[in-house]
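**Student:** Structure provided below as structure tokens; questions to follow.
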Amino acid sequence: MGDGLYLRAEMMADGITERELRALCRTGALDPVRPGAYVAADPTRTDADPVLRHWYAVQAAVRRLGPATVVSHTSAAVLHGLPLWFPPGSAHDAVRVQATRDRRSGARRSAHVDLHAAALQPDEVVAVDGVLVTSVARTVADIARTLPFEAALVPADAALHRHLVTPADLAEALDRGGRRKGNSTARRVIGFADGRAESPGESLSRLAIRSARLPEPTLQHVVRTRDGRSWRVDFWWRSGVVGEFDGRVKYGRLLKPGEDPGDAVFAEKLREDALRAEGLRVVRWTWRDLADFAPVAARIRSALTPS
């Protein structure tokens, strides 16, 4: 198959025996992604990636759900390429495929699929690589209705940042839901969403800053130094405080052709030195700090009110 997915029934029809199938799995030639669905081993692919495994699970599910079923919610986000994040220890099942049928009733849940029943307008359904999927706006709205605030904020920010939707698109998607359960929470998510956040870490940092009752910063502010150079910072407060979320992915974005991560880290140090030379106060934090933001919030608060 073009997507690298193999279904047990199809392999049996092609003459593969149960014994041969077990041997292929035992030797690692095939890797199961759900009962009856497998992918071929590929040393260049990271099968441990939960997003990739979910993508394969979706491909397997749509073959069984029928043409009237539309991939939705977090599964639609995966197919649209939107990032997802779930709070550590949360009960959310990131493996179960999410889909919707255009009907008033008939929702059901199995071991591998959550099938929702809800109205779907024609313009709320698009095709992604031949699979029917809810539109980006409808997907973000559905996620905002059903996931915790912080988890819903990540794909909402990303959809705006990538110019896949506008705030008006998201507001309209919610309005179409009428009094659907979760709409009030979803409106708070959409109202807080900001396309200037460039990564899930920055989205969660925004929420942490607000929860700490710190003054609202400007995102992606450009600082011009006396040597004529310009530096874009993640968070900026007018009193001369810079906030930087230091995620590892960030250095990948900073890489230039032929540059390795060590070069990017060194360039980032020079950048911070240039900002500090202007008298700016720089506060940095990482993914680990987001789990307990209070110490970072104290450092930001101290920088905002220097003695």
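**Student:** Just subtract the alpha-carbon distance of residue 231 and residue 7 from 0.36 nm times their residue separation and send over the number in nm, one decimal.
**Tutor:** Separation in residues times 0.36 nm, less the Cα-Cα distance, equals 75.5 nm.
**Student:** Grab the beta carbon distance between residue 196 and residue 121, set R0 = 41 Å, and tell me the FRET efficiency rounded to 0.05.
**Tutor:** Computed FRET efficiency for residue 196 and residue 121 comes out at 0.90.
**Student:** Still on this structure, please answer the following. Mind telling me which of 98, 220, 59 comes out most flexible in a GNM of the chain, alpha-carbon contacts under 10 Å?
**Tutor:** Top of the fluctuation ranking is 220.
**Student:** Which shape class, rounded, prolate or oblate, goes with the range 1-42 when its Cα gyration tensor gives a ≥ b ≥ c as root eigenvalues, a/c under 1.5 marks rounded, and past that a/b bigger than b/c marks prolate?
**Tutor:** Because a/c hits 1.5 or more and a/b fails to exceed b/c, the range 1-42 counts as oblate.
**Student:** Moving on. Could you pull out every residue, at least 5 positions away or on a different chain, whose amide H is within less than 5 Å of the one on residue 135? Hs are placed 1.01 Å off N in the peptide plane, and Pro or chain starts have none.
**Tutor:** Long-range HN contacts for residue 135: 125, 126.
**Student:** Connecting C-alpha atoms closer than 10 Å in a GNM of the chain, tell me which of 99, 297, 197 has the biggest fluctuation.
**Tutor:** Between 99, 297, 197, it is 297 that shows the largest mean-square fluctuation.
**Student:** Quick check for me: using +1 on Lys/Arg Cβ and -1 on Asp/Glu Cβ, what's the dipole size of the range 49-195 about its Cα centre, in debye to the nearest 20?
**Tutor:** 680
**Student:** How high is the relative contact order of the chain, in percent, with contacts defined as C-alpha pairs under 8 Å that are six or more residues apart?
**Tutor:** Result for the chain is 10 percent.
**Student:** Within the chain, what's the longest run with no trypsin sites (Lys or Arg not before Pro) in a DSSP loop and at most 12 other beta-carbon atoms within 10 Å? Give the range, please.
**Tutor:** 1-103
**Student:** Also: By how many degrees, 0 to 90 and rounded to 10, does the Cα axis of helix 149-161 deviate from the longest principal axis of the chain?
**Tutor:** 80
**Student:** Residue 111 to residue 166: extension gain in nm, 0.36 nm per residue of separation minus the Cα-Cα distance?
**Tutor:** Gain on extension, residue 111 to residue 166, equals 16.3 nm.
**Student:** At 7 Å along the Cα-to-beta-carbon direction for both residue 284 and residue 185, put a label point, then send me their distance in nm to one decimal.
**Tutor:** 3.6
**Student:** GNM, the chain, Cα, under 10 Å: largest mean-square fluctuation among 81, 279, 228?
**Tutor:** Largest GNM mean-square fluctuation: 228.
**Student:** If I stretch the segment between residue 270 and residue 239 completely, what's the gain in nm (0.36 nm per residue apart, minus their alpha carbon distance), one decimal?
**Tutor:** That works out to 9.0 nm of additional length.
**Student:** Taking square-rooted eigenvalues a ≥ b ≥ c of the alpha carbon gyration tensor, is the range 49-195 rounded, prolate or oblate, where a/c under 1.5 means rounded and, failing that, a/b exceeding b/c means prolate?
**Tutor:** Here the range 49-195 falls in the rounded category.
**Student:** Show the residues, 5+ positions off or on another chain, whose built amide H is closer than 5 Å to the amide H of residue 97.
**Tutor:** The answer is 113, 114.
**Student:** Taking amide H atoms as placed 1.01 Å from N in the peptide plane, list the residues 5 or more away in sequence, or in a different chain, whose amide H sits under 5 Å from that of residue 223.
**Tutor:** Here the answer is 231, 232, 233, since their amide H atoms fall under 5 Å of that of residue 223.
**Student:** Here's something else I'd like to know. Just to be sure I understand, if you calculate semi-axes √(5λ) of the Cα gyration tensor in Å for this structure, which of (i) 28, 23, 22; (ii) 55, 22, 19; (iii) 41, 26, 16 do you get?
**Tutor:** Label of the calculated value: (iii).
Laboratory data are not the source of any read-out in this text; all were calculated from the coordinates shown. In this text, all values refer to a predicted model and were calculated from it rather than measured experimentally. Here Cβ is always computed from backbone atoms with ideal geometry, including for glycine, and neighbour counts include all displayed protein chains.
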